[in-house]
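Supplied in structure tokens, the structure appears directly below.
Here, each number is a calculation from the coordinates, and none is a lab measurement. Note that the structure is predicted; figures quoted are calculated from it, not measured. A quick note on method: Cβ atoms are made from the backbone with ideal geometry, for glycine too, and the neighbour counts reach across all protein chains shown.
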Amino acid sequence: MGNKKVQLDVVKQYRKQDGFTLIEIMVVVAIIAILGAAVVPLIMDRPNEARVVRAKTDIGNYSAALGLYRLDNFNYPSTEQGLESLVERPSGDPEPANWKSGGYVQKLNKDPWGRDYLYISEDGRFEIISLGNDGVEGGEDFDADISSLDAS
């Protein structure tokens, strides 16, 4: 008999627990909608800024990989060998002395505007360039070129 009383007490405790009412759920949804309406426009109005940041990040990653390439092979790939040298062993001059099996990056990305990054190597230095939003040299604001030689 005592065991049944314990079971009934447990059942009563479960019945006493209330869930959320429809009103409470609607209030939470309304609060989320208000917050979303305030935050989303701030994020969505900045796609060009996000593209510039991504291009700078890609260029920084490729620059770091080229530094490792140079440590292994004693020079940077030539302009003709290009950034592809970071993914696949290049042929031609200068021949890589100790090219890392598996490459220095997994794959080459296009710039945020869908174009290949430009790579120029001469006199023991290199430059990686994205031509920006307009795809032509020069420009201002989001049309400006983004280069590995830029300080920022």
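Using a cut-off of 14 Å between beta-carbons, work out the net charge of the residues near D141 (Lys and Arg +1, Asp and Glu -1, D141 not included).
With Lys, Arg at +1 and Asp, Glu at -1, the neighbours total -3.
Straight-line reach from K110: which aspartates and glutamates have a Cα under 14 Å away, not including same-chain ones fewer than 8 places off?
List returned: D58, E84.
I would also like to ask the following. Give the shape of the stretch 47-147 as rounded, prolate or oblate, defined through the alpha-carbon gyration tensor: a ≥ b ≥ c are the square roots of its eigenvalues, a/c under 1.5 means rounded, and otherwise the shape is prolate if a/b is larger than b/c and oblate if not.
Judged from the Cα gyration tensor, the stretch 47-147 comes out prolate (a/c at least 1.5, a/b above b/c).
Quick one: compute the contact order of the stretch 47-147, relative version, from alpha carbon pairs under 8 angstrom and 6+ residues apart, as a percent.
Across the stretch 47-147, relative contact order equals 26 percent.
What length, rounded to one decimal in nm, is gained on full extension from N48 through to E137, with 0.36 nm per residue of separation minus their alpha-carbon distance?
Full extension of this stretch gives 30.3 nm more.
Describe numerically, in nm with one decimal, the distance between label points set 7 Å from Cα along Cα→Cβ at L71 and at M26.
About 6.3 nm separates the two model spin labels.
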